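Notes to accompany the following structure.
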Amino acid sequence: MSQASGSAAAPKKVTVRSFAQAKARKESLVMVAAYDALFARLSDEAGVDAVLVGDSLGNVVAGLETTVPVTLEQMIYHGAAARRGTARALLVVDMPFLTYQVTTERALLNCGRVMQETRCDAVKVEGGSPEMAETVRALVRAGIPVMGHLGFTPQSVHVLGGFRVQGREEEAAQRMVDDARRLEDAGAFSVVLELVPAAVAQRVTEAVGIPTIGIGAGAACDGQVLVLADLLGLTDGFAPKFLKRYATLAADTRDAVRRYADEVRGRAYPGDEHAF
Ligand code: KIV
């Protein structure tokens, strides 16, 4: 979806309605996962449609192996920071493990807290079981926009047996189509498809009226999401097949810090021009 859809002076704020319109117009949606005001602002200024404060911050920022230990307080801290950097894009905050799966009442209270304390525009939850769909229905009824997440759902990594493509067998592929339809029927405005064969992602995309946002799910999705640190080349040890790097900031950062250290040690920095 291009920024041109808003006026030239003040680009129009992206809403869940814009997501629906983008699917109807066959315009590709662009989302990045970013976790703070600085990178959310740079992404917003670059014209992305959505900033996702993903619980992947557990891996990227906190150095954890999985997203399972990420807490509600951490998501609220990062969500509020990203809000301060995001003006135009839709701001979506991931609900962390066990904050929405136990009971619908707890999901309502926790998602409501995230909406109130971060001032985000929507939350994201993983899974498409009948129970999850009922939770999504209750959230939407309470006024909380929900993005779903199917395919590889990182909070279930221990059940899924690792970081692996989902839906390769027909039964699992059909289950994904059914889950996506169920989320749509419950009122979700969009659904992320992670690590899904391209043909299956296309089937899901054609089966639902809400936009699918793919990561490792091929080109037929209605939009794409990447973790910003990955696309910037900051996480140069992480190289899944689906990832395309658009910069080499890990190498640039090491090089800049080395040059700074050399200049400090060589007494070349600070120079006269940097002194008061
Ligand atoms: O946590 C995250 O960053 C995500 C995206 C990869 C979709 O869920």
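The values are calculated or read from the model by the stated rules, or taken from the named source; none is laboratory data. Here the structure is a predicted model, which is why all the values come from computation and not from measurement. We place every Cβ from the backbone using ideal geometry, glycine too, and count neighbours over all the protein chains shown. Accessible surface areas use protein heavy atoms only, side chains included; no ligands, DNA or RNA. Shrake-Rupley method; radii C 1.70, N 1.55, O 1.52, S 1.80 Å.
Would you say E126 is acidic (D, E) and outside any helix (DSSP H, G or I)?
Yes; evaluated as a whole, the condition is true for this residue.
Given G214, G237, G223, which one is surrounded by 11 or more Cβ atoms within 10 Å (Cβ to Cβ), assigned by TED's automatic domain parsing to the domain that holds S56 and either more than 16 Å from the ligand (Cβ to nearest atom) or in contact (Cβ under 8 Å) with a residue 40 or more places away in the chain (or both)?
G223
Filter the stretch 150-179 down to residues that are among the polar types (S, T, N, Q), within 16 Å of the ligand (Cβ to nearest atom) and assigned to a helix (DSSP H, G or I), then give me how many there are.
Total meeting the criteria: 2.
With the condition being of a type in the set (A, V, I, L, M, F, W, C), I'd like the strands (runs of 3 or more DSSP E) fully within the stretch 180-237 carrying at least 3 qualifying residues.
Filter on the stretch 180-237 gives 190-194, 223-227.
Taking the stretch 53-91, which residues are under 18 Å from T153 (Cα atoms), in a helix (DSSP H, G or I) and open to solvent by 50 Å² or more (accessible area, probe 1.4 Å)?
N59, V60
Is it the case, given these coordinates, that A201 is in the same structural domain as K26 (by TED's automatic domain parsing), within 23 Å of E45 (Cα to Cα), within 16 Å of the ligand (Cβ to nearest atom) and crowded, with 22+ Cβ neighbours inside 10 Å? Show your work before the answer.
Details: in the same structural domain as K26 (by TED's automatic domain parsing): yes; within 23 Å of E45 (Cα to Cα): no; within 16 Å of the ligand (Cβ to nearest atom): yes; crowded, with 22+ Cβ neighbours inside 10 Å: yes.
No: the conditions fail for A201.
Within the stretch 102-115, does at least one residue satisfy the condition of being without any contact (Cβ under 8 Å) to a residue 24 or more places away in the chain, within 15 Å of the ligand (Cβ to nearest atom) and either touching a Gly at 6+ places or on another chain (Cβ under 9 Å) or within 17 Å of G148 (Cβ to Cβ) (or both)?
As a first pass, look at the stretch 102-115 and keep what is without any contact (Cβ under 8 Å) to a residue 24 or more places away in the chain: 102-103, 105-106, 109.
Cutting the leftovers down to within 15 Å of the ligand (Cβ to nearest atom) gives us none.
Within the stretch 102-115 (the criterion being without any contact (Cβ under 8 Å) to a residue 24 or more places away in the chain, within 15 Å of the ligand (Cβ to nearest atom) and either touching a Gly at 6+ places or on another chain (Cβ under 9 Å) or within 17 Å of G148 (Cβ to Cβ) (or both)), the answer is no, since none of the residues qualifies.
Return the residues of the stretch 25-38 that are hydrophobic (A, V, I, L, M, F, W, C) and either closer than 23 Å to A217 by Cβ or open to solvent by 60 Å² or more (accessible area, probe 1.4 Å) (or both); say none if nothing qualifies.
Result: L29, V30, M31, V32, A33, A34, L38.
Could you please tell me which pairs satisfy a Cβ distance under 9 Å, a separation of 6+ or placement on different chains, a first residue in the stretch 174-197 that is without any contact (Cβ under 8 Å) to a residue 40 or more places away in the chain, and a second residue that is open to solvent by 60 Å² or more (accessible area, probe 1.4 Å) and more than 15 Å from the ligand (Cβ to nearest atom)?
The qualifying pairs are Q174/R203; V177/R203; P197/R168.
Could you go through the stretch 57-73 and let me know if any residue there is modelled with pLDDT of 95 or more, within 17 Å of the chain's Cα centre (by Cα), away from the ligand (no atom under 11 Å from the Cβ) and closer than 16 Å to D121 by Cα.
Checked the stretch 57-73: no residue is modelled with pLDDT of 95 or more, within 17 Å of the chain's Cα centre (by Cα), away from the ligand (no atom under 11 Å from the Cβ) and closer than 16 Å to D121 by Cα.
Can you list residue pairs whose Cβ atoms sit under 6 Å apart, with the first residue in the stretch 53-68 being in contact (Cβ under 8 Å) with a residue 60 or more places away in the chain and assigned by TED's automatic domain parsing to the domain that holds A122 and the second being polar (S, T, N, Q) and within 8 Å of the ligand (Cβ to nearest atom)? Count only pairs 6 or more apart in sequence or on different chains.
Pairs found: D55/T67.
Among the residues that make up the stretch 243-255, is at least one of them away from the ligand (no atom under 16 Å from the Cβ) and open to solvent by less than 20 Å² (accessible area, probe 1.4 Å)?
yes
Could you list all residues from the stretch 1-44 that are part of a loop (DSSP other than H, G, I, E, B) and modelled with pLDDT of 95 or more?
Correct list: K13, V14, T15, R25, K26, E27, S28, A34, Y35, D36.
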